[in-house]
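The values are calculated or read from the model by the stated rules, or taken from the named source; none is laboratory data. Because the structure is a prediction, the values reported are computed rather than measured. Glycine also receives a Cβ, built like all others from the backbone with ideal geometry; neighbour counts cover every protein chain displayed.
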Amino acid sequence: MFLEIWLKHAALEVQEYVRLVGATFRAIVTRPRYRHDIVEQLDLIGVGSLTVVLLTGFFTGAALASQTGLTLDQYGGRAVVGKLISSSMIKELGPVLTALMLTGRIGSGIAAELGSMVVTDQIYALRALGTDPVRKLVVPRVIAGVLMAPVLTIIADFVGIVGGWLVSRFQLQVASGVYWSSVTEALYTQDVWMGLIKPFVLGFAIVTIACHVGLRTQGGTQGVGKATTVAVVAGSVAVIAVDFFVTQLLIKLMY
Amino acid sequence: MTATEILDETGAPVIVCDHVRLSFDEHVVLEDVSFTLIKGHTKIILGASGSGKSTILKIITGLLRADSGVIWVNGARVDRLSEREMMAVRADLGMIFQEGALFDSLTVRENVGYKLYEETDMPIEQVDRRVEEVLGFIGLGEFLHRMPSELSGGQRRRVAIARAMAFKPRILLYDEATTGLDPITATTVDDEIIKLRDIENVSSLVVTHQLRDAFYIATHMAAKKADGTVEVVPATPEKEREAEFIMFRDGLICFEGDADALRRSKDPYLQTFLS
């Protein structure tokens, strides 16, 4: 009985999520569009997340250099530390950690904002005033998330490699020239594509999940708190899972 | 005669609900609801909490779908319309929500002019003028640049009325517009409802469980004085008859009639409600 209720509930959530994604795509390609909302969200999601992404990228790269330096020492391979950092950051850590940071910062914010609008009847008010909430609220956030996730990932990759360089140079005593040449040596076109394609998909997943959860908020302020938690938990799990499947797909297609 | 010509006539029905029914899972919210709102008249929907009176407003605006029944608004059968088609009907339909439902992130000016700024091609200067005009009408002209969080409960409701009337709809739906307000503030909101009905000729559907406000709206009218100012005075008997009461009970209409008939009713439930 419990399993049946759970399965019905899960199926309904998936159905509603797919419906929202469909409505979002339709709204993206048709008019009207709320351009100033798109610009506002690009600023909020992109510029607003810069600090957290810079710090995360930098410290991840630096810690990675320290850890891989220790392991590489066992094989006398300290000089190739840059190779490991660049490939790890660009292919995996940059996209995933940036996406996780965005889930915490953007996913929670979107779910809380839309959830509050639902419980205070603002979504009904929007519809009563002739505005489609998907066009006005979801589309600008999805566009901003999809466009800004790759930009932030590139920034995270770069500062991560810089963080790795600082540790390699001053802690592991690897010459700068050796580090940077090993960084570029490890970069293949496929790796760069993988690092660029992933954040588009992850950005889309984070924002659409947060919008879906926010718009289905029920039960007053307590419901808003619950929606925020669900958006972060579901978004984080989705980032890890989607990353795995996209990685498998891209390996099959490109390598 | 076309639908538009019929709607231009005095006494034309602007909202018709015919055997409307809605339930959420096992819980029946509206069992069988039928009523008609005549152009320029007021229908006051009374009822206890959870009797389905707010739900009927959401069904009329197409925010909720009825399980069965027919709903006509301004000659359009809204129970059959898609969300996209419904937008045209909503152009002539304003709704004031419980607690106002103002947009938190927008100023009073942006809230009031929202529809005109976002959904029409009206030039900005013209929209600004209209916003100032409606805020002046409800006596909040100096609150243009305030945020909703800086307003009192009564001011929020009045701004919500201004937002609903800014695009000049011919029908306004009020959902508990005075609930939670002190009697003096509630009277200022009631006065706005009366003025809109009598000066702007707006047809009104007022949902409330505040009897004092319901009777005040039904028994008063707005009149223009010689100097152009508007005052709210006791209604003439003819005007009083233009306001009708509907009492909801468990998703059904248990009374329909004017203020006098409501006062005279011997129904035990109505007497308990009115006491």
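Here are the numbers for this structure:
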item	result
Given (1) more than 12 Å from the chain's Cα centre (by Cα); (2) surrounded by 17 or more Cβ atoms within 10 Å (Cβ to Cβ), index of the condition A:Leu202 fails	(1)
The lone exception for B:Arg65 - which of (1) part of a loop (DSSP other than H, G, I, E, B); (2) facing chain A (nearest Cβ under 9 Å); (3) touching an Asp or Glu at 6+ places or on another chain (Cβ under 8 Å) it fails	(2)
Options B:Thr55, B:Thr36, B:Thr42, B:Thr107; residue that is among the β-branched types (Val, Ile, Thr) and within 14 Å of chain A (Cβ to nearest Cβ)	B:Thr55
Candidates A:Leu114, A:Leu93, filtered to the one that is surrounded by 21 or more Cβ atoms within 10 Å (Cβ to Cβ), in contact with a helix residue (DSSP H, G or I) (Cβ under 6 Å, 6 or more places away or on another chain) and within 14 Å of chain B (Cβ to nearest Cβ)	A:Leu114
Odd one out for A:Thr208 among (1) more than 14 Å from the chain's Cα centre (by Cα); (2) in a helix (DSSP H, G or I); (3) not aliphatic (A, V, I, L, M)	(1)
Verdict on B:Gln271 being more than 20 Å from B:Pro13 (Cβ to Cβ), out of contact with any helix residue (DSSP H, G or I) (no Cβ under 6 Å at 6 or more places or on another chain) and without any contact (Cβ under 8 Å) to a residue 12 or more places away in the chain	yes
Breaking point among (1) closer than 28 Å to B:Glu200 by Cα; (2) surrounded by fewer than 22 Cβ atoms within 10 Å (Cβ to Cβ); (3) away from chain A (no Cβ under 14 Å); (4) touching a strand residue (DSSP E or B) at 6+ places or on another chain (Cβ under 8 Å), for B:Cys17	(2)
Wholly within the range A:21-107, helices (runs of 4 or more DSSP H) carrying at least 1 residues that are within 13 Å of the chain's Cα centre (by Cα)	A:50-73, A:94-102
Residue list for the range B:154-197, restricted to those being hydroxyl-bearing (Ser, Thr, Tyr), outside any loop (DSSP other than H, G, I, E, B) and in contact with a Ser or Thr (Cβ under 7 Å, 6 or more places away or on another chain)	B:Tyr174
Residues within the range B:89-114 that are surrounded by fewer than 23 Cβ atoms within 10 Å (Cβ to Cβ) and closer than 14 Å to B:Lys168 by Cα, tallied	3
Pair list, Cβ under 8 Å, 6 or more apart: the range A:133-151 residue more than 13 Å from A:Val21 (Cα to Cα) and modelled with pLDDT of 95 or more, other residue assigned to a helix (DSSP H, G or I) and hydroxyl-bearing (Ser, Thr, Tyr)	A:Met148/A:Ser49; A:Ala149/A:Thr98
Test result for A:Val167, over 30 Å from A:Thr30 (Cβ atoms) and part of a loop (DSSP other than H, G, I, E, B)	no
The lone exception for A:Gln122 - which of (1) in contact with a Leu (Cβ under 9 Å, 6 or more places away or on another chain); (2) under 16 Å from A:Ile38 (Cα atoms) it fails	(2)
Residue match in the range A:118-130 (condition: free of Cβ contacts under 8 Å to residues at least 40 places away in the same chain, among the hydroxyl-bearing types (Ser, Thr, Tyr) and either within 14 Å of chain B (Cβ to nearest Cβ) or surrounded by fewer than 24 Cβ atoms within 10 Å (Cβ to Cβ) (or both))	yes
Which numbered condition A:Asp43 misses (of (1) acidic (Asp, Glu); (2) more than 29 Å from A:Arg216 (Cβ to Cβ); (3) without any contact (Cβ under 8 Å) to a residue 60 or more places away in the chain)	(2)
Scope the range B:1-47; condition of a type in the set (Gly, Ala, Ser), closer than 20 Å to B:Glu256 by Cα and modelled with pLDDT of 90 or more; matching residues	B:Ser34
Close pairs (9 angstrom Cβ cut-off, 6 or more residues apart or separate chains): within 11 Å of chain A (Cβ to nearest Cβ) and under 24 Å from B:Arg157 (Cα atoms) in the range B:71-98, among the acidic types (Asp, Glu) and in a strand (DSSP E or B) anywhere	B:Met95/B:Asp175; B:Ile96/B:Asp175; B:Phe97/B:Asp175; B:Gln98/B:Asp175
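So that you can scan it fast, the table gives a plain yes or no per residue for (1) away from chain A (no Cβ under 11 Å); (2) under 26 Å from A:Leu114 (Cα atoms); (3) within 19 Å of the chain's Cα centre (by Cα):
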site: B:Asn111; (1), (2), (3): no, yes, yes
site: B:Lys115; (1), (2), (3): no, yes, yes
site: B:Thr120; (1), (2), (3): no, yes, no
site: B:Gln126; (1), (2), (3): yes, no, no
site: B:Arg129; (1), (2), (3): yes, no, no
site: B:Ile138; (1), (2), (3): yes, no, yes
site: B:His145; (1), (2), (3): yes, yes, no
site: B:Glu150; (1), (2), (3): yes, yes, no
site: B:Ala186; (1), (2), (3): yes, no, yes
